[in-house]
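Here's the structure, in structure tokens; my notes come after.
The values are calculated or read from the model by the stated rules, or taken from the named source; none is laboratory data. Note that the structure is a prediction, hence the values are computed from the model and not measured. Positions of Cβ are generated from backbone atoms using ideal geometry, with glycine treated the same way; all protein chains shown enter the neighbour counts.
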Amino acid sequence: MPDEYDAFRALMRKINKVKLLRFIGLFWLLALLSQVCVAQEADAQLYQLKVQYAKSLGLDTLSHIVNQAQLYQRNQFFTTLAEAYLPTTANKSSSSSETLLVRQIFKKTPQNISKARLAALQQQMDSVYRQLQQGTLFQKLMQTCSDSQDTLLLQRLQMPEEFETHAFSMRAGQYSTPFLSPLGIHIIQVLDRTSGPIEPSGRTQQSVLASGQNHLLLPALTETLKEEFAFQIDDQNCKDLMRRGESDRVLFTIDGKAYTGTDFAKFQSAHIGSLSTVLEQFVTKSLLDAKWHQMQGQTDLSSGREAFINDLLVAEATQREVIIPSQEEIALQSYFDTHQDEFRWPQERYKGILIQATSKKLAKKAAKLLKKKPYETWESLISMRYGDQGSLHLHKGIFARGDNPYIDELVFKGPDADPDPNYPYASVQGKKIKGPETYEGVPREQLAQALQEYLENQWEKRLKSLK
């Protein structure tokens, strides 16, 4: 009996221990979930502070913000229209979204631009592109060479096809070659891109036509709307337009309203293409406009618009407070000077010069010549003293362990290097350093990213202090 009792007590102790562990685990899980909820609430509050800050600067009145908001509302209209007329296709094409943050260097080309003027603008943009390749900052060229300094939050169907073809094929940070669209000549840079499934109330809700299938959906919608609005085309007047290139006659009617060659000329002035192609686009736009005006009084098209505008405002404010300042040379240098310890290397490196020579005496004399002389002058000093006799071979730079066997041997006490038969003797001059000595020694992307994080944190602290 005692043995059975002891076994029973041991079993109960195990059961109680398991219950205790389960209770502790549940407690920590609830605590973790609570922290997540608090963090999400804090993020939401911070987001609203950024929106309020952007509005206080009047960013919600900027032309490109207003235009993007109108385009977003039209996209919602397209979504509603496609779901009403083509629900099967719409559902297939609305499974994902992609939104780009894009800026551009842009030269406007009027419809009546001369060939000579167009060629001159293309040459100018080619020159701008070469400057980008040589390292000039995109932001600087945008400010000095572009007809527009707007930053766009872009989804499909918001810009000409040529613009979107380039933008949606690019990685974040990449810039394009110069290209022509109906609006003008562009060099664009994608600053950021996001993608993922779209919820009905998502901030970056996309048009159903934004999946790349718009070339299939628009013709189908156009034909459906032609029937609904009793579309009538005047074939003779359209043929006359094709023959003469202009007309003041009625080309077609939509719901009894006449559209003339004069109306078409206004549309044509902003579009590039053959007369027949632009006329088809004009018909489609006119039909969609008619449906747009009809639906404005019947359907709430403002759903999600406020959230979309808020995203635009936060993106614009972030661009001004964080992105643009992080690309200024003075700001990068200042940040490095005050945060130099952040960029230290895991192991020391050697900033110096490796001198290989045909004799041991020559190698030592050349190294001694450079002692206490400015680093930047070393190569010229050796050239002045020894000329081009071919008796010396130099390697100057910043060396990590493993970069050069002679440096490993002479500086980092590594294994003996295999002698070079042409220059068997070696000496070094320089010093060990723990990190870059100037901001140019840090990869630019790494330095800019660190500065952006710093500026973002400082901005958020200022916003929180103003609550």
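Taking I309, is it part of a strand (DSSP E or B), buried (at least 18 other Cβ atoms within 10 Å of the Cβ), of a type in the set (V, I, T) and in contact (Cβ under 8 Å) with a residue 40 or more places away in the chain?
Against the criterion (part of a strand (DSSP E or B), buried (at least 18 other Cβ atoms within 10 Å of the Cβ), of a type in the set (V, I, T) and in contact (Cβ under 8 Å) with a residue 40 or more places away in the chain), I309 does not qualify.
If only one of D263, D248, D337, D289 is out of contact with any Lys or Arg (no Cβ under 9 Å at 6 or more places or on another chain), part of a loop (DSSP other than H, G, I, E, B), not assigned by TED's automatic domain parsing to the domain that holds P160 and not aromatic (F, W, Y), which one is it? Walk me through it before giving the result.
On the way: D263 fails: part of a loop (DSSP other than H, G, I, E, B); D337 fails: part of a loop (DSSP other than H, G, I, E, B); D289 fails: part of a loop (DSSP other than H, G, I, E, B).
It is D248.
Kindly list, by first and then second residue, each pair from a residue in region 420-436 that is within 23 Å of T338 (Cβ to Cβ) to a residue that is part of a loop (DSSP other than H, G, I, E, B), limited to pairs with Cβ atoms under 7 Å and residues at least 6 apart or on different chains.
From region 420-436, the pairs are I433/E348; K434/R344; K434/W345; K434/E348; G435/R344; G435/W345; P436/V442.
So, of the residues in region 368-418 that are small (G, A, S) and not in a loop (DSSP other than H, G, I, E, B), which turns out to be surrounded by the most Cβ atoms within 10 Å (Cβ to Cβ)? Give the derivation first.
To start, the set of residues in region 368-418 that are small (G, A, S) comprises 380, 383, 387, 390-391, 397, 400, 402, 414, 417.
Keeping just the survivors that are not in a loop (DSSP other than H, G, I, E, B) gives 380, 383, 397.
Numbers: S380: 10, S383: 12, G397: 14.
Result: G397.
Name the residue that is nearest to P110 (Cα to Cα), counting only residues in region 159-188 that are buried (at least 16 other Cβ atoms within 10 Å of the Cβ) and hydroxyl-bearing (S, T, Y).
Going through the qualifying residues, I end up with S181.
What do you reckon, is V190 modelled with pLDDT under 50 and β-branched (V, I, T)?
Details: modelled with pLDDT under 50: no; β-branched (V, I, T): yes.
Criteria not met by V190.
Give the residues of region 122-164 that are at pLDDT 80 or above and among the hydrophobic types (A, V, I, L, M, F, W, C), sorted by residue number.
Within region 122-164, M125, V128, L132, L137, F138, L141, M142, C145, F163 qualify.
For I353, all conditions in the list (1) farther than 30 Å from Q446 by Cβ; (2) at pLDDT 90 or above hold save one; what is the number of the exception?
(1)
So that you can scan it fast, the table gives a plain yes or no per residue for (1) closer than 30 Å to Q327 by Cα; (2) out of contact with any Ser or Thr (no Cβ under 7 Å at 6 or more places or on another chain); (3) among the charged types (D, E, K, R):
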residue	(1), (2), (3)
P405	no, yes, no
D408	no, yes, yes
P415	no, yes, no
N422	no, yes, no
Y425	no, no, no
G430	no, yes, no
T438	yes, yes, no
E445	yes, yes, yes
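Which of the residues spanning region 349-367 are touching a residue at least 24 places away in the same chain (Cβ under 8 Å) and surrounded by fewer than 14 Cβ atoms within 10 Å (Cβ to Cβ)? So that I can check it myself, show each step before the final result.
Here is the first cut: in region 349-367, the ones touching a residue at least 24 places away in the same chain (Cβ under 8 Å) are 349-360, 362-364, 366-367.
Scanning region 349-367 gives S359, K360.
Please identify the pairs in which a residue from region 373-391 that is in contact (Cβ under 8 Å) with a residue 12 or more places away in the chain has its Cβ atom under 7 Å from the Cβ atom of a residue that is of a type in the set (K, R) and surrounded by 10 or more Cβ atoms within 10 Å (Cβ to Cβ), counting only partners at least 6 apart or on another chain.
What qualifies is W378/K396; E379/K396; L381/K373.
With (1) surrounded by fewer than 21 Cβ atoms within 10 Å (Cβ to Cβ); (2) under 13 Å from L101 (Cα atoms); (3) out of contact with any strand residue (DSSP E or B) (no Cβ under 6 Å at 6 or more places or on another chain) as the list, and R156 as the residue in question, which single condition is left unmet?
Looking at each condition in turn, R156 falls short on (1).
Any idea how many residues of region 106-155 are under 21 Å from the mean Cα position of the chain (by Cα), under 26 Å from A315 (Cα atoms), outside any helix (DSSP H, G or I) and not small (G, A, S)?
12
Check L218, L209 and return the single one that is in contact with a helix residue (DSSP H, G or I) (Cβ under 7 Å, 6 or more places away or on another chain), closer than 24 Å to D311 by Cβ and either at pLDDT below 80 or assigned to a strand (DSSP E or B) (or both).
On the way: L218 fails: closer than 24 Å to D311 by Cβ.
Answer to the check: L209.
Could you please find all residues in region 374-413 being of a type in the set (A, V, I, L, M) and within 19 Å of K431 (Cα to Cα)? Walk me through how you get there before you give the answer.
Residues of region 374-413 that are of a type in the set (A, V, I, L, M), as a first pass: 381-382, 384, 392, 394, 398, 400, 407, 410-411.
Passing the criteria: L381, I382, L394, I398, A400, I407, L410, V411.
Quickly run through region 220-245 and pick out the residues that are without any contact (Cβ under 8 Å) to a residue 40 or more places away in the chain, more than 22 Å from L81 (Cβ to Cβ) and more than 42 Å from the chain's Cα centre (by Cα).
Within region 220-245, D234, D235, Q236, N237, K239, D240, L241, M242, R243, R244 meet the criteria.
Among the listed residues A258, A265, which satisfies the condition of being more than 22 Å from L81 (Cβ to Cβ), at pLDDT 85 or above, touching a strand residue (DSSP E or B) at 6+ places or on another chain (Cβ under 7 Å) and among the hydrophobic types (A, V, I, L, M, F, W, C)?
Working: A265 fails: touching a strand residue (DSSP E or B) at 6+ places or on another chain (Cβ under 7 Å).
Among A258, A265, only A258 is more than 22 Å from L81 (Cβ to Cβ), at pLDDT 85 or above, touching a strand residue (DSSP E or B) at 6+ places or on another chain (Cβ under 7 Å) and among the hydrophobic types (A, V, I, L, M, F, W, C).
What are the residues in region 52-91 that are at pLDDT 70 or above, in a helix (DSSP H, G or I) and farther than 23 Å from Q296 by Cα, if any?
Q52, Y53, A54, K55, S56, L59 - these are the residues of region 52-91 that are at pLDDT 70 or above, in a helix (DSSP H, G or I) and farther than 23 Å from Q296 by Cα.
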